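Quick notes on the structure that follows.
The values are calculated or read from the model by the stated rules, or taken from the named source; none is laboratory data. From a predicted model like this one, the values you see are computed outputs, not experimental measurements. For neighbour counting, all protein chains shown are included, and Cβ atoms are generated from backbone atoms with ideal geometry for every residue, glycine included.
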């Protein structure tokens with residue numbers, strides 16, 4: 001008499017159950033992250049009197065909704081660089097130093113913890129991985145940057161998890177700036 005394989009419909013950890021557990025874990029993680037951000041966002045700032053100074057930290061919601069279901073509702077935190085007008089601010093992403101201009105009504109103050117690294121917070125919020133350093137490069141055609149690739153070492157990962165990325169993906173990274181300084185033969189500045 002055959003009872004059947006251990007993974008059959010009588011097994012408590014069937015594929016359906018695992019999918020349901022995974023969905024619940026994702027939902028719980030999102031709810032927790034939203035709670036953390038909600039505690040750090042100062043919701044009660046008066047709308048028409050909200051102002052920021054250079055060095056303040058702010059967040060804003062995605063325009064048009066989140067790009068994917070695993071993203072959190074808030075973008076940031078971003079550092080305020082300057083006030084451009086009575087209603088707009090220049091902001092900087094501390095992870096890649098990209099700058100944004102946003103209207104004051106989109107922005108909410110964010111209480112950055114004393115020990116929190118803003119790049120780590122952003123990576124966590126936006127499901128990104130942080131680049132530790134550029135480990136190697138390949139330039140099949142030195143005259144065409146579109147053919148260049150760089151081997152990236154991710155923060156907290158070993159060599160076996162290195163990834164080759166195109167020039168356009170590594171060019172904005174601070175780690176790439178460091179790599180260029182160490183490799184003047186690339187002819188980049």
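Out of (1) surrounded by fewer than 16 Cβ atoms within 10 Å (Cβ to Cβ); (2) touching a strand residue (DSSP E or B) at 6+ places or on another chain (Cβ under 8 Å), what's the single condition that is false for residue 80?
Failing condition for residue 80: (1).
Take the residues in region 83-134 that are in a helix (DSSP H, G or I) and in contact with a strand residue (DSSP E or B) (Cβ under 8 Å, 6 or more places away or on another chain), then tell me which one is modelled with the lowest pLDDT.
Step one: of region 83-134, the residues in a helix (DSSP H, G or I) are 104-106, 118-125.
Those left that are additionally in contact with a strand residue (DSSP E or B) (Cβ under 8 Å, 6 or more places away or on another chain): 104, 106, 118, 121-122, 125.
Numbers: 104: 91, 106: 90, 118: 65, 121: 59, 122: 59, 125: 50.
This residue is 125.
For region 154-172, what are the residues that are in contact with a helix residue (DSSP H, G or I) (Cβ under 7 Å, 6 or more places away or on another chain) and either exposed (fewer than 15 other Cβ atoms within 10 Å of the Cβ) or at pLDDT 85 or above (or both)?
Selection gives 154, 167.
For region 146-189, what are the residues that are over 17 Å from residue 96 (Cβ atoms) and assigned to a helix (DSSP H, G or I)? First the steps, then the outcome.
Residues of region 146-189 over 17 Å from residue 96 (Cβ atoms): 146-149, 151, 156-162, 164, 181-189.
Correct list: 146, 147, 159, 160, 161, 181, 182, 184, 185, 186.
For region 62-82, which residues satisfy the criterion of being more than 14 Å from the chain's Cα centre (by Cα) and assigned to a strand (DSSP E or B)?
Once the filter is applied, which keeps residues that are more than 14 Å from the chain's Cα centre (by Cα) and assigned to a strand (DSSP E or B), region 62-82 yields 79, 80, 81, 82.
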